[in-house]
Structure formats: structure tokens, C-alpha cells
Protein chains: 2
Amino acid sequence: MRRLAGTAAAAAALLLASPAYADGMIDNVNGITLDAEGKVVRFTGIVIDREGKVGKLLKRGDKRPRDKQLDWKRDGQGATLLPGMIDSHAHILPMGFAALSLDLSDTTSLAEAQAKIATYARENPARPWILGTGWNQERWGLGRFPTAAELDAAAGDKPVWLSRVDGHAGWANSAAMRAAGVTAGTAAPAGGRIEKAGSQPSGIFVDEAMMLVEKAVPAPLPRDRDNALMKAQQMLLANGVTTIADMGTSLDDWMALRRAGDTGQLRLRVLSYAAGTDVMQTIGGSGPTPWLYFDKLRLVGVKLWLDGALGSRGAALKAPYADAPGERGLQMLDETKLRNLISRASMDRYQIAGHAIGDAANAQLLGAIEELSGDFPGDLRWRIEHAQIIDPADIPRFARQGIIASMQPIHQTSDRTMAEARLGPDRLGGAYAWQSILRAGGRLAFGSDAPVETSNVFEGLYAAITRQGTDGQPAGGWHPAERLSREQALAAYTTGGAWAGFAEDRIGSLLPGHRADFILVDRDPLTVAPEALRQTKVSETWVGGYRQYPRDAAPAAATPAARRQ
Amino acid sequence: MRRLAGTAAAAAALLLASPAYADGMIDNVNGITLDAEGKVVRFTGIVIDREGKVGKLLKRGDKRPRDKQLDWKRDGQGATLLPGMIDSHAHILPMGFAALSLDLSDTTSLAEAQAKIATYARENPARPWILGTGWNQERWGLGRFPTAAELDAAAGDKPVWLSRVDGHAGWANSAAMRAAGVTAGTAAPAGGRIEKAGSQPSGIFVDEAMMLVEKAVPAPLPRDRDNALMKAQQMLLANGVTTIADMGTSLDDWMALRRAGDTGQLRLRVLSYAAGTDVMQTIGGSGPTPWLYFDKLRLVGVKLWLDGALGSRGAALKAPYADAPGERGLQMLDETKLRNLISRASMDRYQIAGHAIGDAANAQLLGAIEELSGDFPGDLRWRIEHAQIIDPADIPRFARQGIIASMQPIHQTSDRTMAEARLGPDRLGGAYAWQSILRAGGRLAFGSDAPVETSNVFEGLYAAITRQGTDGQPAGGWHPAERLSREQALAAYTTGGAWAGFAEDRIGSLLPGHRADFILVDRDPLTVAPEALRQTKVSETWVGGYRQYPRDAAPAAATPAARRQ
């Protein structure tokens, strides 16, 4: 019956060329979206057309479509309805791999860790290696590093490689060392250390010595990548993310995205930035791909790496590190190489997304953009990824070139004390300077950098409006002048992210004509207390007019599954 | 007006759920297609539905749809209409690269060749190297090899590398030798020779020494691959080929096919067989891809190489070569490796297409298939590519396992005298044994092996029914018992090719429900004299209900371009 009505309706729509024909509606919601100027638009009902786009937003008192004009109707029961969130900087395959690997961060003793390792090994017999992270011998109260033998006892002859909670040491069992060819005679490389038990390697490899084992870890198979992608997608949808900018897509990652798209399993949108210009060209040839799979996937541009990270003192600074006199970090690309890479991409209209964390790296990229933007006219939307530490004198340069600062609010709260140590008190004026960038006329797009940080957008929104950690520290917020309003923060996760990905005509807003990507949540992010905002629960996530989270085993009556793209 | 009628019609179709609604018609044709049993079906009109499929075949006297039921109508003016041809073994990117490189095979003097090289260099300034083929110093009457200096005179400082007509020697200029690091001190590898002019390399590299220069030739860029694909596609469509099985698709080839598909530029159908199991898995992951781009592209399986070629005595033979006592050719895969590769592919339902030319290689593959087919039940459609020299005792084995012999008729006429030399007179009973394979109950799929041979299907049909060269030799045909009937030959290029690619439900036949892939030609292949058949001219090629050759700059009235997929 519903189908027949729909068919007749479609026929009528064709005959009458009526563009406003309604297909489905969710009514009785606390609807919020932003327009292109960042102004809040509130509504109480949303009409979704047959293409999975927003047909109409209905305010209280607006006339609703009649039931017979609708294929389906849902009562939102007063839930808050927001645009689907756009995570403008994350790593989708690594997210999945991280989630599928063994996590020991909650273990409080070696015995507990051994039990967890044994269980994981038993439950994952097909994995050639057991990989994991999160162990911490100090938390275990062990007073020493664990040993290969203790790992052998838990996992037997299957190779195991587990990185310490800080990523600066790895724990291998005997099978892993054997596979890696590590023996008593193996020397540690510069910057690394092999712990010993007598004359033999004990199983612990520190810093650069970790590579001795890591090189033996087999590359994931295509089906492992498929699993990781499905896992990450599930996590993102559960967090209310409907679009992710995948920063540094490898060719293997891309193939996994295509397999998912080809088989109808890509359920969120991925804006892909290739890991370098070679991958970029191999995928796109002489330009970005078209939008694929009904706007689910597009190779938009290329990621370039200008420096390293602040924690490891790889971020390129204008002046030496406060806590490492004489060190200024790593400049990854010289001026010529940077210009060559930008030119190679921009001549074919690939978008540049340049990783720049330190003030010197940001200034270098700003300089190259200023120099080259005249050579490549038109709307190129230069992106600077992270843009964490900017010389305040350079902030106005973001506005002059219309540059997008693609930033991750949680990095600010995670990095706070470390950043203070690295830079000292006098060079923080342009650190995580969200409000200054906006005030100067720059653009913001917010993301998570998952799996480095959580992909929970509401944690990000909380950080953005408070500049406080989850512990509420520091009171009043860190450099509170850089806090954002709720509307500004929401824009950076929605309209700002869409703009940053050349997608503002289709996502980021729920104004009519945009893809019906939205989420239902249990509170109003514009009015609840900050701490409550952080604990927002996503109850449903819809992409292109289909509910993708939670996903029913059998399509619910309200889910027009027959039209699944 | 046409559009409005079409829209109303679609609406009516939806309302009435009428499946037979006609969209377009070509009437007044001499239509021929084969059914699944190989029986000829003749018709005079074809109705094409809105999905680009065959709606109906009309015989003389059948009632035609009324004009108002049609979006468009064409008078075929009595032309013969055949199913689009399926080339079951060719190499699409190499075809394009060959066509785009410099062809010196028509030059009759060194001076003429030099002039052609100079023109090509001038017209292709963006190419980093000039690559070409076809030169023959004997045809030029030169009495010696040409020199690097003579190439420098024509092309200057741009590297040039031209292979001789037989592929057994290459001619480099000074810039190419410089780029390759070839000096007076460079030693020729085993099996190769560097010609000298005094103590210096003269520019001519024979056999294995060709690699010294070839390794320096830059890999084609993605845009070069795109150009090659477009060129090959154009050639194939002009030859009436609407589907090609690409045998040995590299990952770079696949990316070019996807770029073409993504941008709507893939205008024929490609059944892809990956170049090895690694590429296969990288593309397909845990199984063949779905049909992509409205059945234009699918990764179906994997190509494996069991032996080499007959001409170079690489084909693996059961007994020594008649003209090289003691030599039996090359077995590329030992029994274990072959079974491992087959198992890895078959467990995920990838189709096996094994290159086997000599009788020993064919027997080896037959043995592996017989041993493993029980492990992988279901419809796997094992393919043997080339299947040129088969021990007559092995021919019944094709039928027992339902194996497809994927053969190239023109190889028979090209190879005839060479095959007689290699095998001697007594071992030709299973050589190019088309009719014996069919009679035993095996299946045939015909192809060209382009660019090794021409992709002209009518040359192939001529060879298949005559076993004579274009010179008519030998009179009566070579081993004429192996000639095919016209219907059998046509089946091998249509229904047989569709079966071989798991596509018999959609292509290869024009029975209703199949994709409307067809060609218009100037004569009836079932009735004209063999020599006339060979000279058949293709006037139009349609794929999925669209005319793709010739392609009008602006869509013709008869071409429903607005519906282009």
C-alpha cells in the first residue's frame, strides 16, 4: 500500500514537475541548523524528499503535508535534531584498526593484562599477529618492564606486539622477536634501546628500537581493511558523525572505501585527502574525482606534511623550544619542494590540506600560499591542518587568502600543559587561537584527529566553548578569550566543515536542497550547561534520508529501506 | 516535446507498472542474434527500453509500437544488426599505448623513418620519451642496423627508444642511452648483445640487452593511461567490440578504468582479470566486485601465467621442440604454487583464467582444475587462455570440467608456419583445435589478444571459418577439420564470450532483457563469401541503448543523449 502510493506519487511528481512533493517527515522535533552566515534556524518538523534531501523545514504552526502525501512519518517526541556532524580531520582506517586491536589501557596488573591478552588471542585466531596498545607497568605496580616470557605465557607461539600507553616502548613475545630476526646480537639503532635479560633481548624495545619489530608486522590484508573501515564507520555514526575528512588516504585505504561504496556498505560520507601527490594522481588522474555513490565519497585533495608534532618537539617553531634550547623542530619540506607539491596539485584543482603545527610551519605554508595563489586563480580553499601554534602576527594572513584553519578542539585541552612547557608562557598568544582566527576573518573547520583523540563531537564542542578539560581545569578556561560561542563551535562542525570540503551545496546544513544528514540527540546544545553538553547522547544518525544508527536488523517501518542507495 | 512525451510516458509506466513500454526502436534491419543454444534468431526490428535493454525483437509482420509510445525511432535502411562483439582476450591499456606510440612499420627507408620520427617528436612535445615500434632495416634496404647518431639527427636531445618490427632489438638515441646509464663499459647481459660502433655502443640493443634501456623508460602517468584507455576504447568501438575481457589488469590499469567510469567516459564494457592474485585482492578484497557503472566494469577473476609463447619457445611442451632438441619451454608455476594460487582465488569466488599455450601447460592446468574443482563447488567456469597446443588425449578433459577455451582465431593464421616448425608435422592434431574442443563438449570464447593481433573481429571470424591467412593460404584451410561454421564462430564472439565472463544474463545476445549492445554492419556474416566477411564494415556501435560509434559532436536526434548513463 505504501509502495503503490509512492509510485503514484512519483508519477504525479513527474507529470506535474512538482519539486516539493514530500516523501517522509519527522515531526515534533527541536530542530536546529545554521545558515551560510552562521545564523541559527530553528524548526519543529523536517520533510525529506525522495532523493534523500531536505524538502522543507517546518516551523511550529506551518501546515504539515497530509498523510497521503507521505510515504512515511515519524514522531520525534521532542528530541533535538541537528545537522549530521562533519569531522574535518580524522583517519578512518587507523580508527578502525585501533578499535579492533587489543586495548590494555584499563588493566591494573600484569596478571590482568595476561588474561586479557590470552582471551583476545583465543577470540581472534585468524590474526597472524596480536597487536595492541595501552599497557603501563607503572599502573600495574610492577616496578619493572614486563618480559617476552610473560607474554609467551599468555599468547604462546603467536607473535604479539604491544605498544606502551605513551607509544614510546613496545613489548614483544618470543615469536615476534623470532619473526623480526631480533637476536642477542641485534644492535639498537640510534635513538633506541633494546632492554636485556642477561645477554638476551628481554622483549622491550624503546623508541627507535621499536622499528626492529614493527617492520616484521605483516601489512593488513584487504579484508582486514574492510573490517577496520566497517568498525570505524559504526563508531562514527554512533557518535553522530555523518561526514569525515580522511586526512592522508593511502591507496589501500582508498581501495577499501571503493569496495565499501561498490557493495553499498559505505554509510557515511568521506571527503578524502590523499597521502601525498603520487597517491592523489593514481586515484584521481588529472583532477579530483566526481562525487561518488550519491555523495558518499570524493577525492578532494591532498595532504602535505610540513612539520611534526608538538609533543615530540617535531613542530617547526620560529624560536627554539622553551624546554629544549636550540631545538626548533622539523621542517619536512624545503621551500622549493613545498612549492612544487602545491603546484602539482593545484594545477589540477586538487585542494591542498597542509599539516602545520608549529608557528614556523604555519608561516611557511602561509608564505607559499600567498606566493602561489596568484598562479592558480579561482576557489582553491587552502586548508591548514592543525594550525596549532601561530605567530599572532600571522593570524590576519588566514583571512587575506580565505584560508581554512582545520583544527581539533580536544587537542587544546589534551596539549595544554605540554604546550606550556614547549613554548613557555610568552608564546601562547596564537596557540589554538580559534576566536582570533575567526575575528580576523579566517574560517574554521573542526575535527577530532581520531584515533589520536576521541571522535565524540560533543567532547569537542565542550572543549571549544570552555577550553577546559573533562576535569573542569583550568577554571574559567585556558586563555579563555579564545573560547567560541556555541553557535560558532557548531558551525565549525557543520557548515564550516562543509565549506572546507567544497561540499556546502550538499551537506553541513539542513536548509532545503541539502542531503538529509541529521542526528537526534537528547538535549539542546545551544542551551544546556557545558558539562551537560559534553554528555549529549546521540539516539539516531541519518545519512541521506536513511537511518544508519541504530541500524535495525530488519528495516523499521519508519526507515524507507527499499530506497536504500 | 520529445522530452515531455518521455516524461509522461515514464509516469504512465510507473502508474500502470507496464513492463513492456517501448522507448526507442530501430526498424527495417537484417537482425541476427543467437540464443543460448546457439540457434540463430532473425528479426527486422528491435525495441530498446528505458533502461537501455532490449525490450522486444520484432519479426516481419509483427505489430510495431505506435509513434506516440516511442521516444525515438530509427530506420535501419536494411543494414545488418548483430549483437555487440565480445573480445574475450585483449589488453586494453597496452592497445592504447601501442596505438599512441610511433609506428614505423610503413616506412621504406631510413630517411623516411627519420622524417616520421622528427614529426612525431614535434607533435608530442609533452612526452618525456619518444617510444615506438615497427622499424625494419631490411625493408629499408640499409644493409646494416641504424645508429644512435641517425636517431639524434631526427629527434635531438629527447630520449628515443624504438623496438624493431619483431620485438627482438631496440634502437636508442644518445639521450636514451645517457638516461639509461649505458656507456662503453656496459656489459650485455646473458642472452643479449650491445652493438658497437668502434668501442662505443652503436644504439642497437638485441634481445635481453633491450632491458638495459627499457628500465630507464619512465612509467606512464595516470593521464597517459587515461589517454591510452580512451584511444583503445575508440578503436574497439569502431571495430564493433562492445565488451572486452582485459586479461591481466594491473592496479594502475584498474585505476584508469575507474576514472573513466567515475567520469562517465567508460563507453564499452570491461570484464577485468587481475594481473595476479595480489592485484586481485587489492581491488576486490574478499571477492569479485559487483557490476559497476551499469554493467560497464567488473573485476571477475585473475589471470595466471603457466607458460610462455610458442614463437620464443616459451610454451611448455610435453615433448621437446622439433626445432630445438632438448628444449621443452618454460613451466612458470610448479604444482604447489599453481594450486595455492588457484585456491586463494577460488575460495573467494574469483574466476581463474590461466594462460596455457603448450600441451604440457594445458595438461598441467587441466590436472590442477580436476584436482581442485571438488574443493570449490559451484559454477566456477575455469578458463584456459590461448589453449593453443593441446594433446588430443586431453581435449575431452575440457568438457568434463566445463572448461572454457578462450582462444584467438588470428593466432592460428599468424602462427601457422611457426607452429609447424616448433612442433613438426605429427603434433598438430590438437593445435588451435576449435572444432575438436566444441565436438568434445567444451566451450569456446574468442578474442584477439590485441595489441598482439588486430582487434578487428571480422578478421577473426574469417580466420575461424577458413583457417586461411588474408592471402588465402593455405588453400582449403590449415587442418580444415578444425574450421568452425559461421554460427559457431559468431557464438564464440557473442554468447560464448558472455558465458565465459559470467555475463550471459546481460550481454552476448539480443534476446529481450539483455543490454542493447549491438552493431550495424554492411553485410550479412552468415551468407557473404568468406573474403567479403573479412571486409565487413561496422557503421554503428551501440552500447546499452546508446550509439557510441560514430559519436556525434552533438547528440543526434536518434540518440537519447539526455538519458546517458
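The values are calculated or read from the model by the stated rules, or taken from the named source; none is laboratory data. In this text the structure is predicted, and so the values were computed from the model without any measurement. Neighbour counts are summed over all protein chains in view; Cβ atoms, including those assigned to glycine, are modelled from backbone coordinates with ideal geometry.
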Some residue of the stretch A:282-294 being in contact with a Pro (Cβ under 7 Å, 6 or more places away or on another chain), assigned to a helix (DSSP H, G or I) and in contact (Cβ under 8 Å) with a residue 12 or more places away in the chain: yes
Criterion violated by A:LYS231 - all others in (1) part of a helix (DSSP H, G or I); (2) more than 14 Å from chain B (Cβ to nearest Cβ); (3) of a type in the set (Lys, Arg); (4) without any contact (Cβ under 8 Å) to a residue 12 or more places away in the chain satisfied: (4)
Flag if A:LEU310 is assigned to a loop (DSSP other than H, G, I, E, B) and without any contact (Cβ under 8 Å) to a residue 40 or more places away in the chain: no
Residue count, the stretch B:315-327 (criterion: part of a loop (DSSP other than H, G, I, E, B), touching a residue at least 24 places away in the same chain (Cβ under 8 Å) and farther than 19 Å from B:LEU366 by Cα): 2
Residue in the stretch B:209-222 that is at pLDDT 95 or above, assigned to a loop (DSSP other than H, G, I, E, B) and facing chain A (nearest Cβ under 9 Å) present: no
The stretch A:468-483, residues that are surrounded by fewer than 20 Cβ atoms within 10 Å (Cβ to Cβ), of a type in the set (S, T, N, Q) and touching a residue at least 40 places away in the same chain (Cβ under 8 Å): A:THR470
Any hit, the stretch A:258-267, residues being surrounded by fewer than 22 Cβ atoms within 10 Å (Cβ to Cβ), among the β-branched types (Val, Ile, Thr) and within 14 Å of another protein chain (Cβ to nearest Cβ): yes
The stretch B:153-177 residues that are among the hydroxyl-bearing types (Ser, Thr, Tyr), paired with ones that are surrounded by 22 or more Cβ atoms within 10 Å (Cβ to Cβ) (beta carbon under 6 Å, 6 or more apart): B:SER163/B:GLY170; B:SER174/B:ALA148
Residue in the stretch B:244-255 that is assigned to a strand (DSSP E or B) and either surrounded by fewer than 18 Cβ atoms within 10 Å (Cβ to Cβ) or facing chain A (nearest Cβ under 10 Å) (or both) present: no
Qualifying residue in the stretch A:321-328 (condition: hydrophobic (A, V, I, L, M, F, W, C) and under 24 Å from the mean Cα position of the chain (by Cα)): no
Failed condition for B:VAL206, given (1) assigned to a helix (DSSP H, G or I); (2) hydrophobic (A, V, I, L, M, F, W, C); (3) more than 30 Å from B:ASN340 (Cβ to Cβ): (1)
Residue check for A:ASP394: assigned to a helix (DSSP H, G or I), among the acidic types (Asp, Glu) and farther than 18 Å from A:GLY329 by Cα: yes
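Yes or no, residue by residue, for (1) acidic (Asp, Glu); (2) at pLDDT below 95:
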| site | (1), (2) |
| --- | --- |
| B:ILE390 | no, no |
| B:ASP394 | yes, no |
| B:ARG397 | no, no |
| B:ALA405 | no, no |
| B:ILE410 | no, no |
| B:THR417 | no, yes |
| B:LEU423 | no, no |
Residue match in the stretch A:178-192 (condition: within 14 Å of chain B (Cβ to nearest Cβ) and of a type in the set (D, E, K, R)): no
Conditions (1) within 11 Å of another protein chain (Cβ to nearest Cβ); (2) over 18 Å from the mean Cα position of the chain (by Cα); (3) of a type in the set (Lys, Arg): number failed by B:LYS196: (1)
A:ALA184 vs. criteria under 36 Å from the mean Cα position of the chain (by Cα) and at pLDDT 95 or above: no
Residues that are basic (Lys, Arg) and outside any loop (DSSP other than H, G, I, E, B), drawn from the stretch B:335-391: B:LYS337, B:ARG339, B:ARG344, B:ARG383
Every residue from the stretch B:349-370 that is more than 16 Å from B:LEU333 (Cα to Cα) and surrounded by fewer than 18 Cβ atoms within 10 Å (Cβ to Cβ): B:ARG349, B:GLU370
Pair list, Cβ under 7 Å, 6 or more apart: the stretch A:65-81 residue in contact (Cβ under 8 Å) with a residue 24 or more places away in the chain, other residue assigned to a strand (DSSP E or B) and aromatic (Phe, Trp, Tyr): A:LEU81/A:PHE518
Residue in the stretch B:142-169 that is surrounded by the most Cβ atoms within 10 Å (Cβ to Cβ), counting only those that are on the phi > 0 side of the Ramachandran plot and more than 34 Å from the chain's Cα centre (by Cα): B:GLY156
Single condition A:ASP278 does not satisfy, out of (1) within 14 Å of chain B (Cβ to nearest Cβ); (2) within 30 Å of A:GLU540 (Cβ to Cβ); (3) surrounded by fewer than 18 Cβ atoms within 10 Å (Cβ to Cβ): (2)
